[in-house]
């Protein structure tokens, strides 16, 4: 398996783990290593699945899906998390649907210079994401006010905040346990998914 700790395969799962694995399955029918790494403690897998889906795959979210994935990718590159970056940049690229634009955005994210590819509300969100990721103790109310002034609603500000917080958690989980993409289907939209 692809982590520094033991990950239990499907065929060795007890009923509690089997239920958690079934809940964590991707549209491809697989369980990605980001979830399987919880196999020794299925309760944390359930919590992780719930948080992930609420942050990125909830129908009530109003931040554009492609931009949710850009935020995820930016946080992951700021945290030097190759696993999350590989998956979520693949998603962002697919949703952007324009290779030239996607290349420009990816260069900006990797250089930690979002202003090379974004303006307005999107740039404000990425600046907020950067500060919250790298300097969480320095956040002040004006950081949120700047998002509101850029055009984000309070509900969208919460979405942005939760995506940043989730990826800081997930990046530390993955980096801290040496989780790799070996055996995963990289990208939610891989292999003809919607």
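Rule-based calculations on the coordinates, nothing more; no lab input. Quick caveat, the model's predicted, so the values are computed rather than measured. No Cβ is skipped: glycine too gets one built from the backbone with ideal geometry, and neighbour counts run over all protein chains shown.
Only Cα pairs within less than 10 Å get springs; with that Gaussian network setup on the chain, which residue of 83, 169, 74 has the largest fluctuation?
Greatest mean-square fluctuation among the candidates belongs to 169.
Apply 1/(1 + (r/R0)^6) to the Cβ-Cβ distance of residue 110 and residue 44, taking R0 = 41 Å, and write down the FRET efficiency to the nearest 0.05. Spell out each step's value before the answer.
On the way: r = 31 Å, r/R0 = 0.75.
So, using R0 = 41 Å, E works out to roughly 0.85.
Volume per residue, Å³, of the convex hull around the alpha-carbon atoms of segment 1-66? Each step should come with its number before you reach the end.
Details: hull volume 6.9 nm³, N = 66.
Each residue corresponds to 104 Å³ of Cα convex hull volume.
Note the full-extension length gain between residue 169 and residue 140 as 0.36 nm times their separation in residues minus their Cα-Cα distance, in nm to one decimal. Show your work: numbers first, answer last.
Values: separation 29, 0.36 × 29 = 10.44 nm, distance 2.09 nm.
Contour length minus Cα-Cα distance gives 8.3 nm.
For segment 38-194, what is the per residue volume of the convex hull drawn over the alpha-carbon atoms, in cubic angstrom? Walk me through the intermediate numbers first.
Working: hull volume 19.6 nm³, N = 157.
Enclosed volume per residue, from the Cα hull, is 125 Å³.
Given the options 48, 112, 57, which has the most mean-square fluctuation in a GNM of the chain, springs set between C-alpha atoms less than 10 angstrom apart?
Highest fluctuation among the options: 57.
Counting only helical runs of four or more DSSP H residues, what would the 222 nm mean residue ellipticity of the chain come to if each run contributes -39,500 (n - 2.57) and the total is spread over all its residues? Don't skip to the end; give the middle numbers.
Details: 9 runs with 118 residues, N = 194.
The per-residue figure over the chain is -19500 deg cm²/dmol.
Once the Cα atoms of helix 154-176 and of the chain are each reduced to a long axis, what angle between those two axes, in degrees from 0 to 90 to the nearest 10, is obtained?
That helix lies at roughly 50 degrees to the long axis.
Against the longest alpha carbon principal axis of the chain, how many degrees, from 0 to 90 and to the nearest 10, is the axis of helix 141-150 turned?
Computed tilt is about 70 degrees.
Taking the 0 to 90 degree range and rounding to the nearest ten, how far is the long axis of helix 99-110 tilted relative to the main principal axis of the chain, both from C-alpha atoms?
90 degrees
In nm, to one decimal, how far is the modelled label at residue 153 from the one at residue 5, with both set 7 Å along Cα→Cβ?
3.9 nm
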